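The values are calculated or read from the model by the stated rules, or taken from the named source; none is laboratory data. Source: prediction; values computed, not measured. In this analysis, Cβ positions are derived from the backbone assuming ideal geometry, glycine residues included, and neighbour counts consider all displayed protein chains. These accessible areas exclude ligands, DNA and RNA; they are computed on the full protein's heavy atoms, side chains included. Shrake-Rupley method; radii C 1.70, N 1.55, O 1.52, S 1.80 Å.
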Amino acid sequence: MSVETKISDREIIAALQGGLPIVAAPYAEVAGKLGMSEADLVARIAAMKDSGAIRRIAAAPNHYKLGMVANGMTVWDVEDAQVAELGAQIGALPFVTHCYERPRARDQGWPYNLFAMVHGDTPDEVEAKRAEIAAILGDACHGHDILYSKRILKKTGLRLRKRG
Amino acid sequence: MMLDDTDRLLINRLQDDLPLSSHPFAEVGKELGLSEADVISRIEAMKETGAITRFGPFFDVAAMGGAFCLCAIAVPSDQFERVMIEVNDFPEVAHNYERDHTLNMWFVLATETPEGIAETAERIEEKTGLQVLCFPKLQEFFIGFRVKA
């Protein structure tokens with residue numbers, strides 16, 4: 001066993017979860033801190049991408065700071081038999097950033113099973129997009145709502161709990 | 001804070017995968033006609049102003065044997081700040097938004113095991129004294145985001 005393989009994925013995740021250093025050779029810098037070579041760290045990251053543990057290495061933008069002031073979580077009560085087909089159509093809309101089927105919570109007054117996140121520069125723009133979604137869902141939809149975000153309370157991405 | 005067209009071009013490019021090479025920012029710069037130093041200073045500036053909240057790997061805890069779950073709490077308005085502090089204090093809470101609805105606090109839990117979701121939701125209920133509703137994803141239809149470049 002080489003020295004490098006003794007470094008666990010967990011240690012690598014812990015070193016990267018706060019973000020990648022913004023320097024000319026970021027992988028070399030992280031590798032140095034972990035006590036492994038840049039080539040070995042890159043190989044381990046590549047393996048984590050293959051397994052799906054890392055989706056991509058990228059920027060998380062702040063929609064508000066980018067001028068996309070209106071962020072509406074639209075929620076829809078869609079016929080179960082049609083949710084897969086209609087969900088795919090809604091998810092393909094260019095202004096929908098996330099689209100999921102989720103369980104209803106009817107006993108909590110929550111009949112909605114399709115969630116579609118819509119961003120816009122103004123609330124009017126989001127309303128227009130909401131109407132567009134409603135038109136696609138048509139009679140298969142029995143009710144909907146829109147929850148505007150008022151504040152980001154926390155946004156950190158993954159944080160592993162410390163093991164002690 | 002003003003982003004110029006180059007910043008917007010860069011932020012769009014950076015939402016796609018960064019190359020796994022020794023000088024990845026030089027490669028990105030080459031694609032966009034920017035120097036490595038310019039790419040680095042623009043990313044740093046956008047992190048500083050908060051246009052980019054984070055730059056680095058996006059981990060999928062589900063692929064690592066863990067789980068994600070969207071959760072919500074109906075927080076009485078006079079208790080909002082207390083509950084926000086209590087909820088945010090959990091490292092499993094990856095992000096948290098206030099929304100204008102009776103269910104006014106929406107957060108994502110990321111845990112290292114599938115069981116961790118229910119356990120964490122329960123601990124949040126104990127801590128806050130409020131019911132946590134869990135909305136795990138049953139199907140995912142699309143994920144993407146692009147700013148206007």
Heavy-atom accessible area per residue - chain A, 1.4 Å, Å²: 45 Å²
Size of charge dipole - chain A - debye, nearest 20, with Cβ of Lys, Arg +1 and Asp, Glu -1, no other charges: 1080 debye
³J(HN,Hα) computed for each position of the stretch A:105-122 - Karplus, 6.51 cos²θ - 1.76 cosθ + 1.60, integer Hz, glycine/proline x: 10, 4, 5, 9, x, 10, x, 8, 10, 10, 10, 9, 8, 10, 10, x, 6, 9
Cα-centre dipole for the stretch B:5-49 with unit charges at Cβ (Lys and Arg positive, Asp and Glu negative), debye to 20: 20 debye
A:E85/A:Q108 FRET efficiency (R0 35 Å; Cβ-Cβ; nearest 0.05): 0.85
Other-chain or far-sequence residues with amide H under 5 Å of B:V75's (modelled H): B:N104, B:M105
Spatial separation of Cα centroids for the stretch A:1-80 and the stretch B:31-104, in angstrom: 14 Å
Whole-number Å³ per residue for the convex hull built on Cα positions in the stretch A:108-156: 120 Å³
Cα-Cα pairs of the protein assembly as shown separated by more than 33 Å (percent): 30 percent
Selection of trypsin sites (Lys or Arg not before Pro), the stretch A:73-138, meeting DSSP coil and at most 16 other Cβ within 10 Å: A:R104
Residue-count net charge about A:F115 - beta-carbon cut-off 14 Å; Lys, Arg +1, Asp, Glu -1: +1
Normalised contact order of the stretch A:1-120, rounded percent, pairs of Cα under 8 Å and 6 or more residues apart: 20 percent
Three-way shape call for the stretch B:5-49 based on the alpha-carbon gyration tensor, with the a/c threshold at 1.5: rounded
Tilt relative to chain B, helix B:36-49 - C-alpha long axis, 0 to 90 degrees, to 10: 30 degrees
MRE, 222 nm, helices only [DSSP H, n ≥ 4, -39500 (n - 2.57), over the protein assembly as shown, to nearest 500]: -11000 deg cm²/dmol
Spatially proximal lysines relative to A:K155 (Cα-Cα < 26 Å; intrachain offsets below 8 disregarded): A:K33, A:K49, A:K65, A:K129, B:K47, B:K127, B:K137, B:K148
Förster radius 41 Å - calculated FRET efficiency between A:K6 and A:D139, Cβ distance, rounded to 0.05: 0.10
Average beta-carbon neighbours from other chains, 10 Å sphere, peptide B:46-53: 6
Over 19 Å [Cα-Cα, chain A], rounded percent: 66 percent
For A:112-119, mean number of other protein chain Cβ atoms within 10 Å: 2
Relative contact order (percent, whole number), the stretch A:70-148, Cα cutoff 8 Å, 6+ residue spacing: 48 percent
Charge sum, other residues only, whose C-beta stays under 14 Å from A:G52's C-beta, Lys/Arg counted +1 and Asp/Glu -1: -2
Modelled label reach - A:D50, point 7 Å along Cα→Cβ, the stretch A:3-34 residues with backbone N closer than 20 Å: A:3-13
Using a Förster distance of 41 Å, the FRET efficiency for B:K30-B:A118 (Cβ separation, nearest 0.05): 0.30
Inter-chain shielding of A:48-57 (mean C-beta neighbours from other protein chains, 10 Å cut-off): 6
Contact order normalised by residue count of chain B, Cα under 8 Å, 6+ apart, percent: 25 percent
Separation of the B:N88 and B:D38 label points, Cα + 7 Å toward Cβ, nm: 3.7 nm
Paramagnetic reach from A:F95 (point 7 Å along Cα→Cβ, amide N under 12 Å) across the stretch A:128-153: A:128-135
